[in-house]
């Protein structure tokens, strides 16, 4: 594995771990305002991000690279309301999408075809991630400050679970 690829993939591990950390922070915010369904959704999102970090970790190791973990920055602590928290999540997912696209570009430049193939899964995953968060943002925008609507969404989000994708996905 070329050093440049190894470095950018290690940076992505940090991005994925930060994502999990951010979603845990948002989860804690939702717990503090009594929205356990929203909290559950963020808990599952954090689990997904840890799964993503593990996929990058395994890819680096399988290719003979070296893992280098660096400090994870502190996430935000407070949001104005659930809509603000989900808008922050959407912006973060867009950031991760740009990181993944950059990784694909580096893999192409370095002619690292195994990494490019590996990264295709993440390209598709980010389309799904942004779509999921966008839908919740739209629902929250529709209900505005209606408490009953918020409780309906909270109930809906409480049913989300994490199921790791199979190798075929």
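The values are calculated or read from the model by the stated rules, or taken from the named source; none is laboratory data. Small disclaimer: the values here were computed from a predicted structure and weren't measured. Every residue, glycine among them, receives a Cβ derived from its backbone with ideal geometry; neighbour counts consider all protein chains shown.
General observations
Rundown of residues vs (1) without any contact (Cβ under 8 Å) to a residue 12 or more places away in the chain; (2) within 30 Å of residue 142 (Cα to Cα); (3) touching a strand residue (DSSP E or B) at 6+ places or on another chain (Cβ under 6 Å); (4) assigned to a helix (DSSP H, G or I), yes/no style:
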| position | (1), (2), (3), (4) |
| --- | --- |
| 48 | no, yes, no, yes |
| 51 | no, no, no, yes |
| 58 | yes, no, no, yes |
| 61 | yes, no, no, yes |
| 80 | yes, yes, no, no |
| 92 | no, yes, no, yes |
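- Taken over segment 110-129, the residue count meeting the criterion of being assigned to a helix (DSSP H, G or I) and surrounded by fewer than 16 Cβ atoms within 10 Å (Cβ to Cβ) is 9.
- Residue in segment 7-15 that is over 24 Å from residue 124 (Cβ atoms), in a helix (DSSP H, G or I) and touching a helix residue (DSSP H, G or I) at 6+ places or on another chain (Cβ under 8 Å) present: no
- Unique match (being under 16 Å from residue 19 (Cα atoms), touching a helix residue (DSSP H, G or I) at 6+ places or on another chain (Cβ under 7 Å) and loosely packed, with under 13 Cβ neighbours inside 10 Å) among 86, 77: 77
- Residue check, residue 24 closer than 18 Å to residue 127 by Cβ and in contact with a helix residue (DSSP H, G or I) (Cβ under 7 Å, 6 or more places away or on another chain): no
- Here residue 160 does not fit the description of being closer than 14 Å to residue 9 by Cβ, in contact (Cβ under 8 Å) with a residue 60 or more places away in the chain, touching a helix residue (DSSP H, G or I) at 6+ places or on another chain (Cβ under 9 Å) and assigned to a loop (DSSP other than H, G, I, E, B).
- For segment 91-109, filtering for residues that are within 19 Å of the chain's Cα centre (by Cα) and either surrounded by fewer than 18 Cβ atoms within 10 Å (Cβ to Cβ) or farther than 16 Å from residue 22 by Cα (or both) leaves 11.
- Only residues that are in contact (Cβ under 8 Å) with a residue 12 or more places away in the chain and surrounded by fewer than 18 Cβ atoms within 10 Å (Cβ to Cβ) were counted in segment 34-43, giving 1.
- Some residue of segment 146-153 being surrounded by 11 or more Cβ atoms within 10 Å (Cβ to Cβ) and touching a residue at least 24 places away in the same chain (Cβ under 8 Å): yes
- Flag not set for residue 65, criterion: modelled with pLDDT under 95 and touching a helix residue (DSSP H, G or I) at 6+ places or on another chain (Cβ under 8 Å).
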